[in-house]
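The values are calculated or read from the model by the stated rules, or taken from the named source; none is laboratory data. Note that the coordinates shown come from a computational prediction; the quantities given were computed from them, not determined experimentally. Methodologically, a virtual Cβ is constructed for each residue, glycine included, from the backbone with ideal geometry; neighbour enumeration extends over all protein chains shown.
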Amino acid sequence: MTVKKFYVTTPIYYVNDSPHIGHAYSTIAADILNRWKKSQGYRTFFLTGTDEHGLKVQKAAEKSGKPTKEFVNEKAENFRKLFENLNIKYDRFIRTTDSDHKKVAQAIIRKLHKSNDIYKGKYEGLYCIDCEAYYTGKDLVNGCCPIHKKKVEWVSEDTYFFNLSKYQDKLLKLYEQNPNLIRPESRRNEIVSKVKSELRDLSITRANFSWGIPFPFDNKHILYVWIDALTNYLTAIDYLKSKAKFKSYWPVAEHIVGKDILWFHTAIWHSILLSAGLKPSKVFAHGWLTNKEIKISKSLGNVIDPNKLINKYSSDSLRYSLFREVAFGNDGEFSEKTLATRINNELANELGNLVSRTLTLAEKFSDSKVPKGKKNSPLATSFKRTYREADSQINNYEFHHALETIWKFIADVNRYIDSQKPWDLAKDEKNKEQLNDVIYQSCESLRAISALVEPFIPETSQKIVSQLGLKTIPTLAKYKWGQLKAGTKINKGDILFEKIDFEKAGIEDLFEKLDLKVGQVWEVKLVEGADRLYQIKVHLGKFGHRQIVAGIREHYTIAQLKGKKVIVVANLKPVKLRGVVSQGMLLAAEDKNNVGLLTVANSNPGDDVFIYGLEKKPVENLSIDEFIKITIKVKGGSVFYKDKPLQTGKEMVRADKVKDASKVR
Ligand code: MSP
């Protein structure tokens with residue numbers, strides 16, 4: 001039987017700077033795909049690495065004051081370390097400064113030359129160093145590169161051209177006959193129309209700097225960095241060294257790239273391959289991770305450091321949340337808060353909880369061993385369907401859907417346990433066999449889950465099998481329901497995912513959920529049968545009025561309150577106190593001797609109370625439980641949240657009668 005092959009590549013990353021989350025993104029995707037195929041029994045090859053030549057890198061090295069080679073060595077190491085922290089299992093980490101790569105890049109140039117596709121000329125035009133790409137005037141936005149929003153350079157130099165325009169018809173035919181070569185389809189259509197409308201010959205050498213691979217036909221020139229870089233995909237599978245290896249992997253190559261570099265990987269790369277007599281490879285373009293809808297990128301100054309997230313949470317939670325949150329072909333917002341929300345929901349509540357409750361059952365009712373069970377169960381059918389669906393979704397690069405599918409199975413197992421009520425079964429010895437079967441099926445489900453989730457969250461998958469008392473994660477190829485051995489000793493360990501407290505983790509300022517407004521007291525009544533309470537009507541200007549029940553009768557007379565400007569929590573969930581509805585709360589501070597309302601003098605009813613620099617995002621019906629987590633303090637009569645004063649547009653908020661207080665309620 002011939003073994004099926006799979007070859008997946010990531011872009012190779014420029015080493016001008018440190019890796020950020022966008023770089024982690026393509027690489028994790030390739031790792032997921034590769035692990036999935038490997039688990040299915042494919043012989044796989046997974047390539048990633050660094051793009052180390054070109055003007056951008058040379059300039060960064062100059063700026064650092066280090067010799068270029070030393071600089072790129074250090075930077076490449078950062079990528080390697082990040083991938084280690086992310087549990088990326090690549091087969092080769094290529095660097096374009098590797099000696100075998102230089103030979104392959106030059107060999108390909110010789111092929112293009114042999115096909116009469118290289119000629120000498122003069123290039124005059126625009127160049128973006130950040131993209132390392134040539135632009136025309138109509139590509140620019142306000143005179144700047146559309147991606148990096150920076151001014152482009154005017155370049156004028158002697159160069160060698162690649163006869164790209166010659167490939168127009170061939171490319172169009174290729175894309176028509178192989179609709180799957182470029183995915184997603186929308187991006188394929190964009191490429192096709194661009195090939196139809198503009199395919200100019202490409203300058204493939206540079207002569208005014210030296211950090212690159214020499215052009216084999218003229219030693220005054222070096223290869224344009226993109227030509228050098230693209231050929232890395234051939235180097236890694238031994239294009240020059242082993243015909244057999246190359247032949248087995250090249251026909252099944254799939255490149256994962258960001259949408260910004262799809263043109264290079266299609267029109268340009270496919271033409272080069274055609275010219276060199278090689279089969280064009282498949283490409284999938286993913287979208288951008290964005291922050292407030294702007295691409296996350298060093299040059300735009302909004303990077304997220306993946307190492308920080310890994311250290312604070314875990315590699316698995318980053319891997320999971322990135323691929324559950326964003327549809328792989330689309331742009332998508334990502335933040336630390338997204339990650340923490342995913343941990344709390346699907347990882348802790350759903351998966352973590354299932355593992356913990358299943359193993360607790362085995363611990364309690366089966367002497368910490370896997371009991372005997374039937375070889376089949378409705379869960380086995382659900383698993384088979386899950387695997388089939390997830391497989392087709394993964395082959396379509398729909399990682400978010402695949403995760404949804406797998407988590408539906410996790411929900412099925414949780415529901416199964418709920419419906420079988422093992423805790424009730426355990427009350428009567430005559431149910432022992434049924435109880436054992438429920439525990440067995442639940443444990444077997446965990447084994448099945450470990451195989452399904454391994455490509456996404458490998459560390460967690462290993463923890464699940466270890467807690468089940470097994471050594472290795474089952475592969476998808478060999479997995480069969482019912483092979484978990486009765487009698488296996490389980491080791492219930494720590495819970496898989498700790499829940500994240502957003503406030504403690506510094507992800508969220510609860511204060512932003514509050515809606516504080518200036519109110520003016522208008523009417524005060526006693527509440528019958530409650531000697532501490534007043535029923536107060538407060539004006540909130542254009543926001544109408546509120547009825548609030550406040551326990552301040554011992555501290556303020558009715559006359560002192562009337563007309564007073566106070567601070568109202570305007571979005572608290574209404575409650576009934578002594579039969580009277582209270583639609584909010586007046587903020588007051590308390591020290592040993594006094595209770596004093598928070599107050600303002602010169603602001604108007606309805607004015608906003610805020611903290612400078614913190615955007616308000618009030619929620620509807622804030623619960624008292626959430627409200628009391630927010631610590632507002634009084635210092636010297638002024639009122640602070642995290643050392644920032646509460647204010648209206650006109651003045652600081654002050655506390656009546658109280659100088660210092662550690663709590664405001
Ligand atoms: N060196 C070239 C690729 C050569 S491949 C033969 C390059 N390097 S890069 O470091 O600038 O970018 C590498 C990849 O990271 C690209 O696919 C790019 O789309 C991706 N990302 C960079 N920022 C990104 C996001 N904010 N979101 C998702 N991916 C993005 O281009």
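Can you give me the number of residues within region 453-472 that are among the aliphatic types (A, V, I, L, M) and without any contact (Cβ under 8 Å) to a residue 40 or more places away in the chain?
Matching residues across region 453-472 total 2.
Does region 39-51 hold any residues that are touching a Phe, Trp or Tyr at 6+ places or on another chain (Cβ under 8 Å) and either outside any strand (DSSP E or B) or crowded, with 21+ Cβ neighbours inside 10 Å (or both), and which are they?
Once the filter is applied, which keeps residues that are touching a Phe, Trp or Tyr at 6+ places or on another chain (Cβ under 8 Å) and either outside any strand (DSSP E or B) or crowded, with 21+ Cβ neighbours inside 10 Å (or both), region 39-51 yields Tyr42, Thr44, Phe45, Phe46, Leu47, Thr48, Gly49, Thr50, Asp51.
Can you give me the number of residues within region 567-623 that are of a type in the set (A, V, I, L, M, F, W, C) and under 34 Å from the mean Cα position of the chain (by Cα)?
6
For region 299-312, name all the residues that are assigned to a helix (DSSP H, G or I) and either closer than 9 Å to His20 by Cα or at pLDDT below 90 (or both).
Residues satisfying the conditions are Ser299, Leu300, Pro306, Asn307.
Working carefully through the options Glu498, Glu528, Glu508, Glu512, find the one that is exposed (fewer than 15 other Cβ atoms within 10 Å of the Cβ), charged (D, E, K, R) and within 45 Å of the chain's Cα centre (by Cα).
Glu498 is the lone residue from the list that is exposed (fewer than 15 other Cβ atoms within 10 Å of the Cβ), charged (D, E, K, R) and within 45 Å of the chain's Cα centre (by Cα).
Among the residues of region 25-34, is any in a helix (DSSP H, G or I), modelled with pLDDT of 95 or more and more than 16 Å from the ligand (Cβ to nearest atom)?
There is at least one residue in region 25-34 that is in a helix (DSSP H, G or I), modelled with pLDDT of 95 or more and more than 16 Å from the ligand (Cβ to nearest atom).
List pairs: first in region 369-383 and aromatic (Phe, Trp, Tyr), second not in a loop (DSSP other than H, G, I, E, B), Cβ under 9 Å, 6+ apart or cross-chain?
Phe383/Phe409; Phe383/Asp412; Phe383/Glu444; Phe383/Ser445; Phe383/Ala448; Phe383/Ile449; Phe383/Leu452
Listed here are the residues, each with its yes/no results for (1) in a helix (DSSP H, G or I); (2) modelled with pLDDT under 95.
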residue: Ser466; (1), (2): yes, no
residue: Pro474; (1), (2): no, no
residue: Lys504; (1), (2): no, yes
residue: Phe511; (1), (2): yes, yes
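Kindly establish whether Phe79 is more than 13 Å from the ligand (Cβ to nearest atom), under 21 Å from Ser297 (Cα atoms), among the aromatic types (Phe, Trp, Tyr) and in a helix (DSSP H, G or I).
no
Does region 534-544 contain at least one residue that is among the basic types (Lys, Arg), in a strand (DSSP E or B) and under 40 Å from the mean Cα position of the chain (by Cα)?
No, region 534-544 has no match at all.
When you look at Lys66, is it in a loop (DSSP other than H, G, I, E, B), at negative phi and either more than 21 Å from the chain's Cα centre (by Cα) or within 9 Å of the ligand (Cβ to nearest atom) (or both), yes or no?
Yes, satisfied.
Just to verify a result, which residue in region 415-434, among those that are without any contact (Cβ under 8 Å) to a residue 12 or more places away in the chain and outside any helix (DSSP H, G or I), is surrounded by the most Cβ atoms within 10 Å (Cβ to Cβ)?
That would be Lys421.
Residues that are surrounded by fewer than 17 Cβ atoms within 10 Å (Cβ to Cβ): which strands (runs of 3 or more DSSP E) entirely in region 592-665 hold 2 or more of them?
644-647
Go through region 392-401 and give me each residue that's in contact with a Phe, Trp or Tyr (Cβ under 8 Å, 6 or more places away or on another chain) and either of a type outside the set (Val, Ile, Thr) or closer than 16 Å to Lys480 by Cβ (or both).
Gln393, Tyr397, Glu398, Phe399, His400
For region 121-169, give me each residue that is touching a Gly at 6+ places or on another chain (Cβ under 7 Å) and either farther than 22 Å from Trp269 by Cα or within 15 Å of the ligand (Cβ to nearest atom) (or both).
Glu132, Tyr134, Lys151, Val155
Is it the case that His286 is in contact with a Ser or Thr (Cβ under 8 Å, 6 or more places away or on another chain) and within 16 Å of the ligand (Cβ to nearest atom)?
So His286 passes the test.
Which of the following residues is touching a Gly at 6+ places or on another chain (Cβ under 9 Å), part of a strand (DSSP E or B) and at pLDDT 95 or above: Val549, Val568?
Val568
Looking only at residues that are assigned to a loop (DSSP other than H, G, I, E, B) and of a type in the set (Ser, Thr, Tyr) in region 108-165, which one is surrounded by the most Cβ atoms within 10 Å (Cβ to Cβ)?
My answer is Ser115.
Take region 226-250 and flag every residue that is out of contact with any Ser or Thr (no Cβ under 7 Å at 6 or more places or on another chain), under 15 Å from Ala276 (Cβ atoms) and touching a residue at least 40 places away in the same chain (Cβ under 8 Å).
Those that are out of contact with any Ser or Thr (no Cβ under 7 Å at 6 or more places or on another chain), under 15 Å from Ala276 (Cβ atoms) and touching a residue at least 40 places away in the same chain (Cβ under 8 Å): Ile227, Leu230, Thr231, Leu234, Thr235, Ile237, Tyr239, Leu240, Trp250.
Counting just the residues of region 1-24 that are in contact (Cβ under 8 Å) with a residue 60 or more places away in the chain, away from the ligand (no atom under 11 Å from the Cβ) and hydrophobic (A, V, I, L, M, F, W, C), which one comes out surrounded by the fewest Cβ atoms within 10 Å (Cβ to Cβ)?
Looking at residues that are in contact (Cβ under 8 Å) with a residue 60 or more places away in the chain, away from the ligand (no atom under 11 Å from the Cβ) and hydrophobic (A, V, I, L, M, F, W, C), I get Phe6.
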